[in-house]
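Worksheet for the structure shown next.
The values are calculated or read from the model by the stated rules, or taken from the named source; none is laboratory data. Please read these numbers as outputs of a predicted model, since none were measured by experiment. With ideal geometry, Cβ positions are generated from the backbone for all residues, glycine too; neighbour counts draw on all protein chains shown. The area values use the complete protein model at the heavy-atom level, side chains included, leaving out ligands, DNA and RNA. Shrake-Rupley method; radii C 1.70, N 1.55, O 1.52, S 1.80 Å.
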Amino acid sequence: MKTTLIALMLLLGLNASAWADRVKDLASVAAGRTNQLIGYGLVVGLQGSGDGADVSFTAQSMKSMLSRMGVSLEGPLSDFEKDQGSGSIDIKNVAAVMITAELPAFAKPGQKIDINVSAIGKATSLRGGNLLLTSLRGVDGEVYGLAQGALTVTGIDTSAAGSKVSIGVPTSGRIPNGATVERMVDTPFESSDHVVMNVRESDFTTTTAIVNAVNKSFGEGTARALDGMSFAVRAPTDMSQRVAFMSLVENLDVVPGEPPARVVVNSRTGTVVISRNVRVSASAVSHGTISVAIAATNEVSQPNAFAQGQTVGVQNAEIAVTEPNKPMFLFQPGVDLRQVVDAVNQVGATPSALIAILEALKSTGSLRAELIII
């Protein structure tokens, strides 16, 4: 008997830990947010697929860059342009681009980050291009990184003899480790008395479970809930000890709260995802479609030989209306997800029909779930 009780306790413990998640998978440090960076630059070395003379700011940027490097475009060159009547530089191997990047939390100067490069002019392809040195700025206008390097473009766009093949987007590319961090973003992680953590999905049950787990492991009062989204943890002041303490906190196992009942519908692809907590109250559903088929037949009406009539064309139409015999299915009060799916499958409903049924159930108030259409 004692052996049976021990085995049962071990089994319950295994089941509880199987449903538990780590704190690091449920919450993140509020001070550890990422920051968006943006910049404007030039990509050179293209095979005639650049902006050309139609984009004025590309030529202006090229002139400014060459001027800073000691190359003067005033004098004979500008006079020659005026004589030709153009007044602009036709640069087919250069494209103006925008650079975007995401600065990770706690990033230090000298670290490398990935960048995205996108054409903003009339360039048809950035394939084979090289980004010139470009500064990346934050929302405060300060420079937080410098970007430069060869682009990686997977898109291809080619045409010949009236035929065109396009794969991917050739006007957008990436540079892995293409930017160097130059400035550190100040965070309150080092100076604050408490470390604030945010739950990834606001839930009072999950926040309470995390606070209880922290207090149980490190003593009552170590953590306190601020609201359904955030909780504060009292951490050591020494940075080495604080980092070690947060490592222990984020590896605690917590059983999170059940997510709210949701039904997510993608009307474009016909995908329907129903969460486990969806319930349907008592309701009767009947779904069917009416098909109308019209067939037209053109015939010729010709009179007899001695009738003195005229030959005329006659159009005959046949109309057929069909309505499938779809049975009505009944939802009992409080049915769960499995019963909903089984009932819909019994009548052979297609994904589009299932979407229509769910929308109708939500309109009548029978669907006990949040209906999200994307």
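Structure values in brief
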| read-out | value |
| --- | --- |
| Test: SER230 is open to solvent by 30 Å² or more (accessible area, probe 1.4 Å) and out of contact with any Pro (no Cβ under 7 Å at 6 or more places or on another chain) | no |
| Test for ARG183: is it touching a Phe, Trp or Tyr at 6+ places or on another chain (Cβ under 7 Å), part of a loop (DSSP other than H, G, I, E, B), surrounded by 12 or more Cβ atoms within 10 Å (Cβ to Cβ) and at pLDDT 90 or above | yes |
| Some residue of region 188-202 being surrounded by 15 or more Cβ atoms within 10 Å (Cβ to Cβ), within 24 Å of ALA101 (Cα to Cα), at pLDDT below 90 and in contact with a strand residue (DSSP E or B) (Cβ under 9 Å, 6 or more places away or on another chain) | yes |
| Residue in region 126-141 that is outside any loop (DSSP other than H, G, I, E, B) and more than 25 Å from VAL55 (Cα to Cα) present | no |
| Residue that is at pLDDT 85 or above and in contact with a Phe, Trp or Tyr (Cβ under 6 Å, 6 or more places away or on another chain), where the choices are LEU37, LEU46 | LEU37 |
| Residue check for ALA30: among the hydrophobic types (A, V, I, L, M, F, W, C), open to solvent by 30 Å² or more (accessible area, probe 1.4 Å) and touching an Asp or Glu at 6+ places or on another chain (Cβ under 7 Å) | no |
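Conditions (1) over 30 Å from THR206 (Cβ atoms); (2) at pLDDT below 80; (3) open to solvent by less than 60 Å² (accessible area, probe 1.4 Å), marked per residue:
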{"residue": "ASP253", "(1), (2), (3)": "no, no, no"}
{"residue": "GLY257", "(1), (2), (3)": "no, no, yes"}
{"residue": "PRO260", "(1), (2), (3)": "no, no, no"}
{"residue": "VAL272", "(1), (2), (3)": "no, yes, yes"}
{"residue": "ARG279", "(1), (2), (3)": "no, yes, no"}
{"residue": "ALA284", "(1), (2), (3)": "yes, yes, no"}
{"residue": "ILE290", "(1), (2), (3)": "yes, yes, no"}
